[in-house]
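Beneath this line is the structure, given in structure tokens, with notes to follow.
Only the coordinates and a few stated rules stand behind these numbers; no lab work does. Just so you know, these numbers come straight off a predicted model, no measurement behind them. No Cβ is skipped: glycine too gets one built from the backbone with ideal geometry, and neighbour counts run over all protein chains shown.
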Amino acid sequence: MLRVFTLMLVSCLTYAFPAEAKDLARRPFLGIAMKTVESDEISGGPTVQIDRVIENSSASVADLRSGDMVVSMDGRKIGSQEDVIATIKPKRAGDVLKISFLRDGHPVSKEVPLIGLPLEKSSDFETIYEAVIVDGTKRRTITTRPREATRFPAVLFVGGIGCYSMESPLDDQEVYRQLLSSLTRQGFVTMRVEKSGMGDSEGPPCATVDLDAETRGYIAGLNELKNKPYVDPDRVFIVGHSIGGIVGPLVAAQVPVRGIVAMETVGTTWFEYELINRRRQLRLAGTAPEVLGRQMQVKQWCMHRLLIEREAREEIVQRRPECKEELQIPTADAYLQQIAALDLPGLWANLKIDALLIYGSADYLTSTEEHLAIAEVVNVERPASATFIEISDLDHYMTRVESQRESFDRKHSDRPAAYHDGLGTTIGRWLKDRLG
């Protein structure tokens with residue numbers, strides 16, 4: 001499978017950058033699709049061949065071409081796509097990449113000036129790239145705002161688990177971007193905060209960061225959002241997706257907001273969620289009942305060691321190798337252990353704000369019960385302050401599919417579905433009803 005690694009010439013910046021964001025250099029836009037190949041022309045094993053060059057990228061400007069076979073970058077021998085990514089990752093726009101390659105069997109060396117990844121933009125609203133300081137390092141923020149000169153209600157968006165960039169400048173169909181564009185067109189400012197070490201952000205590698213540190217990033221973003229001159233600080237909300245439905249309440253407990261939306265999330269305990277979710281997915285995979293039972297025993301043992309006994313994942317897998325499959329969760333051990341220690345019902349009960357819980361019945365990663373558990377505890381504290389909405393053809397990935405089976409099959413065959421455009425309308429309507 002080809003893997004596209006992107007880094008684009010921005011000819012005219014029409015975005016506002018505060019002083020601290022100007023110092024946060026843009027990640028580079030190398031702009032190649034590549035594949036690993038074996039070649040008799042290069043000794044010592046496999047190398048990377050450029051399969052496609054993206055227009056207006058660093059590679060395009062430097063006249064790299066499809067078919068070029070990479071020998072080294074910055075003096076580092078290249079034997080895989082991972083080697084290319086590791087070489088590029090620390091660089092920023094304005095840096096120079098030294099690359100040696102074979103073209104039609106002839107050695108070529110070039111110095112490639114790296115230009116920045118393009119910024120998200122829209123003809124309907126402004127997109128503003130800024131930064132906040134978190135633990136002494138800078139985190140990129142991406143804010144969208146309607147063009148009118150007034151103060152708007154606003155949304156801090158908190159995404160799901162794992163390490164990935166929160167922006168999609170090359171794909172305006174990406175689901176987070178579509179959701180936030182929809183909310184902006186409905187009159188809301190929105191903000192995303194990049195995780196540590198992701199996108200343009202500084203800080204330690206995302207995969208090493210615990211829950212507390214990640215939460216501090218969103219708290220910094222929320223404080224900045226409420227202080228913007230075009231935001232009404234008394235009408236700011238949090239919208240959380242997946243793990244964002246856990247992190248969002250943690251943020252709201254520190255910085256007051258008008259209300260909170262949590263969708264496709266967890267509302268009981270993380271340990272029981274892990275077991276229930278695993279059983280559901282084993283059934284969707286067609287696992288025989290007797291095999292399913294044995295696998296659940298393995299899952300229980302592995303998760304207990306990680307979440308309750310707080311052992312390191314590496315040590316658990318050494319003791320019982322079959323735990324490797326059960327512990328493939330894309331975050332740090334400490335992150336998961338901190339989530340497992342949370343009293344989620346108590347967290348929600350103490351917020352005392354209006355809440356919207358959204359579950360898509362095509363979501364095979366969470367359940368109706370998780371969301372109803374949140375609604376129940378909120379409504380006990382403040383009757384009728386929690387609203388639960390189930391959307392029949394919505395899945396965990398915010399796309400429109402007919403069933404959990406379809407979503408499961410699409411995910412495991414890498415066939416994405418289209419964004420569910422009713423989601424933004426549903427959220428926007430609930431937010432507007434609480435503006436006062």
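Would you mind calculating the gained length between A207 and D74 on full extension (0.36 nm times residue separation, minus the Cα-Cα distance), in nm to one decimal?
Separation in residues times 0.36 nm, less the Cα-Cα distance, equals 45.3 nm.
If you place +1 on the Cβ of every Lys and Arg, -1 on the Cβ of every Asp and Glu, and leave all else neutral, what size is the dipole of the stretch 270-340 about its Cα centre, to the nearest 20 Debye?
In debye, rounded to 20, the stretch 270-340 gives about 240.
If you take every DSSP beta bridge fully contained in the chain, what fraction is antiparallel? Give it as a percent rounded to 5.
Looking only at bridges with both residues in the chain, the antiparallel portion is about 60 percent.
Holding the Cα-Cα limit at 29 Å, pick out from K121/K432; K35/K98; K35/K299; K138/K411; K98/K121; K324/K352 the pairs that are longer than that.
K35/K299; K138/K411; K98/K121; K324/K352
Could you give the nm distance between label points at S39 and L170, where each point is 7 Å from its Cα heading toward the beta carbon?
Label-label distance for S39 and L170, simple model: 2.1 nm.
With a 10 Å Cβ neighbour count serving as the proxy for reagent exposure, in which order, fewest first, do I50, I260 appear?
Result, fewest neighbours first: I50, I260.
Could you work out the helix-only [θ] at 222 nm for the chain, with each DSSP H run of four or more residues adding -39,500 (n - 2.57) and the total divided by the number of residues, to the nearest 500 deg cm²/dmol?
On the way: 15 runs with 144 residues, N = 436.
Computed mean residue ellipticity for the chain: -9500 deg cm²/dmol.
So in the stretch 299-436, what percent of DSSP beta bridges are antiparallel if you round to the nearest 5?
Details: 2 of 8 bridges.
Counting DSSP beta bridges with both partners in the stretch 299-436, the antiparallel share is about 25 percent.
Grab the alpha carbons of the stretch 66-168, take their convex hull, and tell me the volume per residue in Å³. Write down the numbers at each step before the final one.
Details: hull volume 18.5 nm³, N = 103.
Taking the convex hull of the Cα positions in the stretch 66-168, it is 180 Å³ per residue.
³J(HN,Hα) across the stretch 361-375 via Karplus (A = 6.51, B = -1.76, C = 1.60, θ = phi - 60°), whole Hz, x for Gly/Pro?
Each residue of the stretch 361-375 in turn: 5, 8, 7, 8, 9, 10, 8, 4, 4, 4, 6, 5, 4, 5, 4 Hz.
How big is the charge dipole of the chain about its Cα centre, in debye rounded to the nearest 20, if each Lys and Arg gets +1 on its Cβ and each Asp and Glu gets -1 on its Cβ?
Values: 53 positive and 62 negative charges, 110 e Å.
The dipole of the chain has a size of about 520 debye.
Mind giving me the FRET efficiency for A149 and K352? R0 is 35 Å, r the Cβ-Cβ distance, nearest 0.05 is fine.
After rounding, the FRET efficiency stands at 0.55.
What span do the alpha-carbon atoms of the stretch 270-340 cover on each of the three principal axes, reported in whole Å from largest to smallest?
Here the Cα extents, ordered largest to smallest, are 33, 23, 18 Å.
Post the alpha-carbon centroid distance, the stretch 372-436 to the stretch 68-92, in whole angstrom.
41 Å
Hey, of [x] 26; [y] 11; [z] 17, which did the structure itself give for percent of Cα pairs over 43 Å apart when calculated?
Label [z] holds the value from this structure.
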